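Enquirer: What follows is a single structure, and I will ask about it in a moment.
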Amino acid sequence: MIDLYYWTTPNGHKITILLEETGLPYNIKPVDIGKGDQFKPEFLKISPNNRIPAIVDNQPSDGGGPLSIFESGAILEYLAMKTGKFLPSDLRRRAEIMQWLFWQMGGLGPMLGQNHHFRGYSAEKIPYAIERYTKETERLYGVLDERLADREFVANEYSIADIACYPWIQPARQRQNIDDFPDLKRWKDAIAARPATQRAYAIGKTVNVQPAISDEASRKILFGQGRHTVR
Ligand SMILES: N[C@@H](CCC(=O)N[C@@H](CS)C(=O)NCC(=O)O)C(=O)O
C-alpha cells in the first residue's frame with residue numbers, strides 16, 4: 001500500500017493520475033497547504049522541502065522497511081518503475097520520456113506556477129511579471145504543440161512525461177487561447193477523456209471541497225515563507 005501525501009494542485013494531480021492508471025492501491029493523506037499542514041514535523045520528515053506531493057511505499061520491492069520519496073518527478077519515476085508501466089526500460093524510449101519529464105519539472109511547472117502567482121495570487125499586480133510569465137507560458141505551450149504535431153503523446157507512447165505535463169495545461173487561468181495550439185488541444189482532450197484521469201480529479205474533489213486559495217491566512221502561509229528551521 002502506498003501512502004500519498006496530497007493536495008489538489010497540479011503536482012498533486014500528477015500522482016493520483018498515475019496511481020489510477022496503474023491500479024496500485026493507495027491511501028490519501030491530505031496535506032492542506034492553505035492551513036500549513038506542510039510544516040508539520042512528521043510531514044517534513046518525508047518532504048523536507050515542505051511541498052506536496054510525497055509518498056511512502058510500505059512494501060518496497062527490496063523487501064526493506066517503508067521508503068519515502070518527495071518531488072513529483074521522482075515519485076512518477078519510482079511508481080512507473082515499481083509497476084513497469086508508463087516508463088519502458090528500453091534505452092531510447094526511456095531517454096525520450098525522461099528528457100520531457102525533466103523539461104516539465106524544470107520549466108513548464110515552475111514557469112506556469114509563476115504565471116498563476118503573479119496573475120492570480122499576488123495582491124500587487126506587477127505588469128512586468130505578469131507579462132513575462134504569460135509570454136513564457138505561451139512559449140512553452142508552443143514547444144509542446146510543435147512536439148505533438150507528428151506524434152500522439154509527448155514521447156510517442158503515453159508515459160509519465162504526459163502525466164507530468166497534463167495538470168499544468170490550464171489555458172483560461174494562464175491567459176492562453178488553446179485553439180492557437182491545435183495539437184496541444186487534441187492531446188489535452190485525449191488525456192482528459194481517459195477514465196483514470198477522470199477518477200483522479202473526482203477523488204481530488206472529495207479531498208478538497210474549496211480548491212481556490214482565497215483567504216488571507218492561506219496567502220500568508222503560502223506566499224510569505226522564509227527559512228523554516230526544524231532543529
Ligand atoms: N518541484 C516540486 C514542487 C512541489 C510544489 O510546489 N508543491 C506545492 C503545491 S503544487 C506545495 O506543496 N506548496 C506548499 C507551499 O508552498 O508551502 C514537485 O514537483 O514535487
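Enquirer: Between SER61 and GLU152, take the C-beta separation as r, use R0 = 35 Å, and let me know the FRET efficiency to the nearest 0.05. Present the calculation step by step, with values, prior to reporting the outcome.
Expert: Numbers: r = 30 Å, r/R0 = 0.87.
Between SER61 and GLU152 the formula returns 0.70.
Enquirer: Above 14 Å lies some portion of the pair distances; for the stretch 73-116, what is it as a whole percent of all C-alpha pairs?
Expert: So the portion of pairs separated by more than 14 Å is 54 percent.
Enquirer: With the chain treated as a Gaussian network of Cα nodes joined by springs under 10 Å, which of SER72, SER89, SER47 yields the largest mean-square fluctuation?
Expert: Largest GNM mean-square fluctuation: SER89.
Enquirer: Moving on to the next point. Once fully extended, how much extra length lies between ARG219 and TYR128, figured as 0.36 nm per residue of separation less the alpha-carbon to alpha-carbon distance?
Expert: 30.6 nm
Enquirer: Would you kindly calculate the mean projected area, averaged across all directions, of the convex hull enclosing the Cα atoms of the chain, in square nanometres?
Expert: For the chain, the mean projected area of the Cα convex hull comes to 13.3 nm².
Enquirer: Pop a pseudo-label 7 angstrom from the Cα along the beta-carbon direction at both HIS117 and MET81 and give the gap in nm to one decimal.
Expert: The answer from the label model is 3.0 nm.
Enquirer: Something else now. Let me check I've understood the local charge: for ILE163, count other residues with C-beta under 13 angstrom from its C-beta, Lys and Arg +1, Asp and Glu -1. What total comes out? Don't jump to the answer; show the numbers that get you there.
Expert: On the way: positive: LYS14, LYS85, LYS188, ARG194; negative: GLU20, GLU21, GLU77, GLU157, ASP162.
Result for the local shell: -1.
Enquirer: Which of ASN115, PRO10, ILE75 sits closest to the plus end of the dipole of the stretch 1-127, meaning its Cα is farthest towards the positive end, when Lys and Arg get +1 and Asp and Glu get -1 on the C-beta?
Expert: Of the listed residues, the answer is ASN115.
Enquirer: When DSSP beta bridges are limited to those with both residues in the chain, what percentage is antiparallel, rounded to the nearest 5?
Expert: Around 65 percent of the beta bridges assigned by DSSP in the chain are antiparallel ones.
Enquirer: Using Cα springs under 10 Å in a Gaussian network model of the chain, which residue among LEU144, LEU24, LEU76 shows the largest mean-square fluctuation?
Expert: So, out of LEU144, LEU24, LEU76, the one fluctuating most is LEU24.
Enquirer: Can you tell me the length gained on complete extension of the stretch LEU91 to ASP179, counting 0.36 nm per residue apart and subtracting the Cα distance?
Expert: 28.2 nm
Enquirer: Let me ask something else. Using only the alpha-carbon atoms of the stretch 87-200 as identical scatterers, what base-10 log of I(q)/I(0) does the Debye formula give at q = 0.12, 0.16, 0.18 Å⁻¹?
Expert: Per q value, in the given order, log10 I(q)/I(0) is -0.44, -0.75, -0.92.
Enquirer: Can you give the local net charge around LEU79? Use residues other than it whose beta-carbon is closer than 14 angstrom to its beta-carbon, Lys and Arg +1, Asp and Glu -1. Could the numbers behind the result be given before it?
Expert: Numbers: positive: LYS14, LYS82, LYS85; negative: ASP3, GLU20, GLU21, ASP57, GLU71, GLU77.
Neighbour charge sum, excluding LEU79 itself: -3.
Enquirer: Any chance you could check the Cα centroid distance between the stretch 29-75 and the stretch 109-164 for me, in angstrom?
Expert: So the two Cα centres are separated by 26 Å.
Enquirer: A further question on this structure: Report relative contact order for the chain in percent, whole number only (criteria: Cα-Cα under 8 Å, sequence separation at least 6).
Expert: After rounding, I find 26 percent.
FYI, it's all coordinate maths here, none of it is from the lab. These numbers come from a predicted model, not from an experiment. Positions of Cβ are generated from backbone atoms using ideal geometry, with glycine treated the same way; all protein chains shown enter the neighbour counts.
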